[in-house]
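These notes are about the structure you will find just below.
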Amino acid sequence: MSLSTASAPVSGADRIDMVRAKALNIRRSAFTMVHEAQLGHPGGDFSAADILATLYFGVMRYDPNEPRHPDRDRFIMSKGHCTGAFYSVLAQAGFFPEAQLKTYMQPLSKLNGHPNRNYLPGIETNTGPLGHGLPVAVGIAIAGKLTAKDYRTFVLTGDGELQEGSNWEAAMAAGHRKLNRLTVIVDRNRLQQGDRTEATNSLDPLDDKWRAFGFHVEMIDGHDHAALLDVLGADPESRDKPLCVIANTIKGKGVSFMEDNVSWHHGVPTDEQFAQAMKELI
């Protein structure tokens, strides 16, 4: 059985338009879920939406009808608190019915605050405690190299999450083993719970840090769908080291009162704010 990226149009322009539309749907869906549940992390959902849409509808190889296919590309949502966006993209990609999104955060729901691989198809590993996703992704990439598999492993981290030392232990191992089929994407929105990353524990120069650990580094606009498709879709065989994509993003991207506003790390909208956001997300 062959695997393919879900419904990806052949035309470059059509693919960009489709990814853009999917990202908009992710934002609208995630914000609806947060509003109805009165729980969630919408700021980070919105900064990651374009990255997720690009991966699932323009880059990654998978089959939602056989979510554990051995040749699938693997994706790990290391910033596991941003489940609104993650569950939305999984549902749009066909891993489970979109109607199930209405159960978000409800008692006994499979769509709880952090992703659980035992509850939903399409989730590779449980995440929530920050700093765990990259180490798991490195292990998956090592397994692929040892067994001569050609699947790719992608992991999305928050930038504040990189203050966890476990990430750098994993990065050191990935660089040493030249895991060229591993891609780390940093959602570089420069905000974390309570403050800016640089005020909490400075990360810059972030690109030089990753290069020092043996990574090829690309810095891009994390909301530019064409740039995301080009960088994430590039053939990994063209390099002999893992890839780190530092995606410069805006927390709360797409809604005027949320953008670059730390209070929306885990803010919950009023009815008025929800209505305004839906008018802006068109």
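Numbers at a glance
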{"item": "P(r) tail fraction, the chain - alpha-carbon pairs more than 26 Å apart, %", "result": "38"}
{"item": "Karplus-derived HN-Hα couplings along the range 190-196 (A = 6.51, B = -1.76, C = 1.60, θ = phi - 60°), whole Hz, x at Gly and Pro", "result": "6, 10, 9, 4, x, 5, 7"}
{"item": "Estimated [θ] at 222 nm from DSSP helical runs (n ≥ 4, -39500 (n - 2.57)) normalised by residues in the chain, nearest 500", "result": "-11500 deg cm²/dmol"}
{"item": "Förster-model FRET efficiency, 22 Å R0, ASP17 and ASP221, C-beta, rounded to 0.05", "result": "0.80"}
{"item": "Listed peptides 247-254, 78-85 by packing density, highest first (mean Cβ within 10 Å)", "result": "78-85, 247-254"}
{"item": "In Hz, Karplus ³J(HN,Hα) per residue of the range 205-213 (6.51, -1.76, 1.60; θ = phi - 60°; x = Gly, Pro)", "result": "x, 5, 5, 5, 4, 5, 4, 5, 8"}
{"item": "Local net charge near VAL268, Cβ-Cβ under 13 Å (Lys/Arg +1, Asp/Glu -1)", "result": "-4"}
{"item": "Stretch gain in nm, segment GLU259-GLN106, where the contour uses 0.36 nm per residue and the Cα spacing is subtracted", "result": "52.3 nm"}
{"item": "Unit charges at the beta carbon, dipole of the range 66-181: most positive-side option, GLY80, ALA174, ALA148", "result": "ALA148"}
{"item": "1.4 Å probe accessible area per residue over the range 38-89, in Å²", "result": "20"}
{"item": "Mean Cα-pair separation over length for the chain, i.e. relative contact order, pairs under 8 Å, 6 or more apart, %", "result": "22"}
{"item": "Rounded to 5, percent antiparallel among DSSP beta bridges of the chain", "result": "10"}
{"item": "Relative contact order for the range 75-130, counting Cα pairs under 8 Å that sit 6 or more residues apart, in percent", "result": "41"}
{"item": "Per DSSP, loop chymotrypsin sites (Phe, Trp or Tyr not before Pro) in the range 33-142 with at most 14 further Cβ within 10 Å", "result": "TYR119"}
{"item": "Taking the range 28-128 and dividing mean pair separation by its residue count, relative contact order in percent (alpha carbons under 8 Å, at least six apart)", "result": "30"}
{"item": "Mean Cβ count within 10 Å, highest first, over the residues of peptides 134-140, 265-271, 198-204", "result": "134-140, 265-271, 198-204"}
{"item": "Accessible area of the chain belonging to carbon and sulfur atoms, whole % at 1.4 Å probe", "result": "51"}
{"item": "Summed side-chain charge close to THR54 - residues other than THR54 whose Cβ falls under 11 Å, Lys, Arg +1, Asp, Glu -1", "result": "0"}
{"item": "Charge-dipole axis of the range 11-280 as Lys and Arg at +1 and Asp and Glu at -1 on Cβ define it, positive-most pick from GLY252, PRO67, GLN273", "result": "PRO67"}
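The values are calculated or read from the model by the stated rules, or taken from the named source; none is laboratory data. The structure presented is a predicted model; accordingly, all values stated were derived computationally and were not measured. Positions of Cβ are generated from backbone atoms using ideal geometry, with glycine treated the same way; all protein chains shown enter the neighbour counts. Heads up: the accessible areas ignore ligands, DNA and RNA and are worked out on the full protein's heavy atoms, side chains in. Shrake-Rupley method; radii C 1.70, N 1.55, O 1.52, S 1.80 Å.
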